[in-house]
1. Subtract the Cα-Cα distance of residue 336 and residue 310 from 0.36 nm times their separation in residues, and report this length gain in nm to one decimal.
2. Hey, which of these cross-link pairs are over 27 Å Cα-Cα: 319/401; 58/82; 258/401; 105/258; 82/319?
3. What whole-number distance in Å separates the alpha-carbon centres of region 127-172 and region 238-262?
4. Given R₀ = 41 Å, what would the calculated FRET efficiency be for residue 77 paired with residue 209, taking r from the Cβ atoms and rounding to 0.05?
5. Using the alpha-carbon centroid of each, what span in Å lies between region 312-377 and region 8-63?
6. If you put +1 on each Lys and Arg Cβ and -1 on each Asp and Glu Cβ, how big is the dipole of region 259-352 around its Cα centre, in Debye rounded to 20?
7. Rounded, prolate or oblate: which fits region 369-419, taking a ≥ b ≥ c as square roots of the Cα gyration tensor eigenvalues, rounded meaning a/c under 1.5, else prolate when a/b beats b/c?
8. With a 1.4 Å probe and all protein chains left in place, how much of the accessible area of the chain comes from carbon and sulfur atoms, in whole percent?
Amino acid sequence: MLYPNDEVVVIRLGQEKEDPCKITVSCPDKLGLACDLSRVIFEFGLSVVRADLSTDGKWCYVIFWVMPIAGSAQPIRWALLKKHLVSTCPPSSAIFYYVANQEPKPKQVYLLQTCFEDQFGLLNNVSQLLWEMDLTIIKGKFWTMPDRNLMYLFYITDNRELLHTETRQNEVCYRVKTNLGQSITYCQLWLTTPEFGGLNCTATTLSPSVIEDMFNYSGLEPDMDFKSVGSGGKLDSFSMVTDNNLSPSHTLLQILCKDRKGLLYDLMRTLKDYNIQVSYGRFSRNVDGNCEVDLFFSQAGGRKILDPKKQDSLCSCLKMEITHPLRVMFVDRGPDTELLVATPIERCGRGRPRVLYDVTRVLEILNIGIFMADFGRNVIGDYQWEVFRFLLIDRQDLSLKSIHSRNQIAECVRDMLMR
């Protein structure tokens, strides 16, 4: 039996810059807790180099060894990270019962409308600022008006659940105005009505031909060269094995694969969506950049997965999430060029962290302007995807119609999202 610690989350920074930081979490267990914790760590720009998880079904003890993601432009806000991790953990009173995977209570959606004078890289700055204010962007649209001013519409929720107060609304508008300088000409915030269309955004509806090209699973090989999905190197080895003989009540899953950004989150997200309860887990990255994963898990009700069809279905899904957790492609939109980025949405309704920030940062680094952008949710087959669409501005020295240029840009986007 594991016993509670006095402090739910303890963060110890490394003694040297090259040393990993150690994050210890000790709290009541719930289905998908490892997914929720690894998501927060991923969202703060940290890479997990090692992790140990153990639970007796009531109390969970997890240790993460983390390093800042290479090339991260933002400093790690450790105090805020700890606050988010603590809020992710169930209350201590939950130790006396098992916490089921409950549907989250829907949050109120607000519309933030702002107008700026034309400024390169502004969308990246705005997305980072809203995240720093504990706001989640769930849907958005941005376009350049005839007077060259930029109009933004962000549908947001407040993680603090205080946007219904005048104080919080004034704080948001004040920080937007003060942090983004004199370029802002307008800022207004109000509660949306049912007419706003929900999370699905009709503007991001994809044509059947684009869906076929972007989500053609038959053409995606799980053991393909990882360079094509943005890791920057060849997958030295890939294996996935299940074993029901080592434990009377758990299935053992062993994975060997190439490390990349968000790998642990994608693994745990998939298991959570399958209602899999992990009782013991170990995740480690070796000097070659490969990851070894050992997980003892069970289905809801504490049963092993004995059905070969269920095992194959789970393993197939895990392989796909390891190798292809996102899609990137270019399409022609009349005479213009559009960049599409699609990422899966958790069954609880949360989109992948950092996508808008990372993609706009790449475009800013490449000195590629955005004329128009929107993002919303699409149902493709049995899954929900968040689709980001960026209508790009041509440059005299860079033809966006060139296949070579498109491939280079797409590779840079994948590298930023997955390296």
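The values are calculated or read from the model by the stated rules, or taken from the named source; none is laboratory data. What you are looking at is a predicted structure, and each value in this text was computed from that prediction instead of being measured. Note that we place each Cβ from the backbone using ideal geometry, even for glycine, and neighbour counts take in every protein chain shown. The protein model used for the area step is the full one, side chains on, heavy atoms only, and it has no ligands, DNA or RNA in it. Shrake-Rupley method; radii C 1.70, N 1.55, O 1.52, S 1.80 Å.
1. Values: separation 26, 0.36 × 26 = 9.36 nm, distance 4.49 nm.
Roughly 4.9 nm would be gained on extension.
2. On the way: 319/401 33 Å; 58/82 22 Å; 258/401 33 Å; 105/258 36 Å; 82/319 31 Å.
The answer is 319/401; 258/401; 105/258; 82/319.
3. Using only Cα atoms, the two centres lie 41 Å from each other.
4. Details: r = 43 Å, r/R0 = 1.05.
So the FRET efficiency works out to roughly 0.45.
5. Using only Cα atoms to place each centre, the spacing works out to 26 Å.
6. Details: 16 positive and 13 negative charges, 81 e Å.
Value, rounded to 20: 380 debye.
7. Numbers: a/c = 2.48, a/b = 1.66, b/c = 1.50.
Prolate, because a/c is 1.5 or more and a/b exceeds b/c.
8. Working: 10200 of 19670 Å².
On the chain, the fraction of accessible area on carbon and sulfur atoms equals 52 percent.
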